[in-house]
Amino acid sequence: MCGIIGIASNDNVSSNIINSLKKLEYRGYDSAGIAINNNEKINQKKVKGKLDNLIYALQEDQFDGKVGIGHTRWATHGEPSDKNAHPHSSRSVSLVHNGIIENATELKKTKEVRDYHFESDTDSEVITALLTHHRREGLSHLESIKKTITILEGSYALAIIFDDNKDTIFGAKNGSPLVAGTNGVENSIGSDSIALSSVANRVCYLEDGDIAVLDNKNIEIYNIKGDKANREFVEIGITESDVSKGEYNHFMEKEIHEHPLAVGETFRQFIDYDTGIIKIPNLNLDFSKISKIHLIACGTAYYSCLVGKYYFEQYSRIPVDCDMASEFRYRDPVIDSNALCIFVSQSGETADTKAAVDYCRDRKIKTLSIVNVKNSSIARDSDYCLYTKAGAEIGVASTKAFTAQLSVLLSMAIHLATLIKSITIDDNKKICKEVMQATQLLEQAIERSYSLKDVAKSITKAKGVMYLGRGTSFPLALEGALKFKEISYIHAEGYPAGEMKHGPLALIEKNLPVVCIVPPGPLFHKTISNIQEVIARGGKILMITDDETLESNSENIWEIFRLPKCPKSIEAIIYSVPIHMLAYYTAVELGNDVDQPRNLAKSVTVE
Ligand code: F6R
């Protein structure tokens, strides 16, 4: 959510900044901007809209200089416009900001900046105003930053350049992510390691309160006390192919095709190939004492928690609560001292989820995170961490991270259930064998899902779509509806199939598409009865099932999409494929920007 970059080099940096902004665009695409220090004069260009608009605008100008900063914006304060785009600059300072300054309105009224001519509606510009004031008062670059951040309330990751310091970039972090990187000849700071992947091979994850000072030779980091901090630099671990579309038209398409790899790699961490059982290694946590589990996350990650609740309760018989992170801490939850709070996040930076981790940590509640991005804030803030091995996810709509999250949650549930003996070792072995089929079944599911292209063509004309399911297919229905609406812009709702008659059935009218997720099993016939109620009212049914007996015996069964036969334990993982594919094909058919849907951004670092 907003991407920032700063590069100090011994060569012109503008093309590298643009390159990094391309990699950051998934964090926001309302506007983009760049500022370069060219011999103690800052030149800047910023424009509304996508990065391409900035690239086009830059063609008219020469932007030389060896130190520069850049920004892609997801608007919070002030509409997307040229004037609200970053950088925000005065005559002496220019900066880019990710986060929210909560006391910006009050700060703008203080005597230090009362006379400053604000050009934008943003909260960020007050930082420029304060820095300008402190520089005018004679403070050094570093001291002016220190003094400014002591009065900021809220979150920020900043990259700052000064007109009279043509070699140096300053970074500051509180709440929002900031990474410093180096490749030996140039140094950089940015919102994430993806942004730095073409200008750094080693990176360091800054901590709250840190200030970074970098030129093309050195990076110095000062901690919150102002002391020089010796932070560890690690291999970046991202290759160019991780962050490019390769043979695919969209990142989302590539990432759906990576479901098998993401799930396979994730499970591989938890399969003991010698004994043939699922087990979580190297986790110094006594699972046997856990009285209750709280699963907490946002969006798609929250839906993976809803599936996880079924896994934990079914296999380990331990009670589970699920919370949306944005609600969790505000409802003053009752949490037992032997409870475990599990936080699920692809980015590891989602502000609400991070705040929920901090809430638990402050109360000495055990925290475990399941994240995809190594060394992300949530991973570092929690007591224990397990990784999904989905690789970089760039498409704003989360896909492969979802199935990887399900893989970790299932593995944890089986591990815990085995420890507390609510399942036997033989049960574990059986499920482990089933888990080992996941990659192949996902590949087959992808292959079969190409046929959904035709369904997508006719669904584009619908004014709304409903998704129904029972059991773990209910959270899948929610996930299907979320994915569908966020990239097709067609209204979609997910419901438990059995709830329809308590209200939502009123929405069914002739030819309304209803996607029904109906795996075989104990709930099969009950779901089919609910579907009959929908058919009787004119709904047009797309069935997703791996049942081999089901036949299209009604003209309102529009299509039966059949998955390969799959074991119950990994059913939700395999059924995710057609759910994601249908959303993808519909959005493509509509000509929408699949990877960067309107009004959204990945990595939601504001509350
Ligand atoms: C939807 C989607 C979002 C994210 C949510 C949480 O397709 O991607 O709903 O799942 O913003 O993000 P993470 O997992 O990074 O915490």
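The values are calculated or read from the model by the stated rules, or taken from the named source; none is laboratory data. Source: prediction; values computed, not measured. Backbone-built Cβ (ideal geometry, glycine too); neighbour counts: all protein chains shown. Keep in mind that these areas ignore ligands, DNA and RNA; they rest on the heavy atoms of the full protein, side chains included. Shrake-Rupley method; radii C 1.70, N 1.55, O 1.52, S 1.80 Å.
A compact table of results
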{"quantity": "Residue tally, condition modelled with pLDDT of 95 or more, in contact with a Ser or Thr (Cβ under 7 Å, 6 or more places away or on another chain) and within 16 Å of the ligand (Cβ to nearest atom), over segment 579-607", "calculated": "6"}
{"quantity": "Selected residue (criterion: nearest to the ligand (Cβ to nearest atom)) from residues of segment 318-345 that are under 16 Å from the mean Cα position of the chain (by Cα) and of a type in the set (S, T, N, Q)", "calculated": "Ser345"}
{"quantity": "Some residue of segment 224-244 being out of contact with any Ser or Thr (no Cβ under 9 Å at 6 or more places or on another chain), closer than 16 Å to Asn19 by Cβ and assigned to a loop (DSSP other than H, G, I, E, B)", "calculated": "yes"}
{"quantity": "Qualifying residue in segment 38-50 (condition: open to solvent by less than 10 Å² (accessible area, probe 1.4 Å) and under 30 Å from the mean Cα position of the chain (by Cα))", "calculated": "no"}
{"quantity": "Residues located in segment 346-402, provided they are part of a helix (DSSP H, G or I), near the ligand (Cβ under 8 Å from one of its atoms) and of a type in the set (Val, Ile, Thr)", "calculated": "Thr353, Ile378"}
{"quantity": "Residues satisfying the stated conditions in segment 98-156, i.e. part of a helix (DSSP H, G or I) and of a type in the set (Lys, Arg)", "calculated": "Lys108, Arg135, Arg136, Lys146, Lys147"}
{"quantity": "Residue list for segment 589-600, filter: within 18 Å of the chain's Cα centre (by Cα) and open to solvent by 10 Å² or more (accessible area, probe 1.4 Å)", "calculated": "Asp593, Asp595, Gln596, Arg598, Asn599, Leu600"}
{"quantity": "Members of segment 327-342 that are in contact with a strand residue (DSSP E or B) (Cβ under 7 Å, 6 or more places away or on another chain) and aliphatic (A, V, I, L, M)", "calculated": "Ile335, Ala339, Leu340, Ile342"}
{"quantity": "Complete set of residues in segment 564-588 that are surrounded by fewer than 18 Cβ atoms within 10 Å (Cβ to Cβ) and assigned to a helix (DSSP H, G or I)", "calculated": "Lys568"}
{"quantity": "All positions within segment 409-425 that are of a type in the set (Ser, Thr, Tyr) and open to solvent by less than 30 Å² (accessible area, probe 1.4 Å)", "calculated": "Ser411, Thr418"}
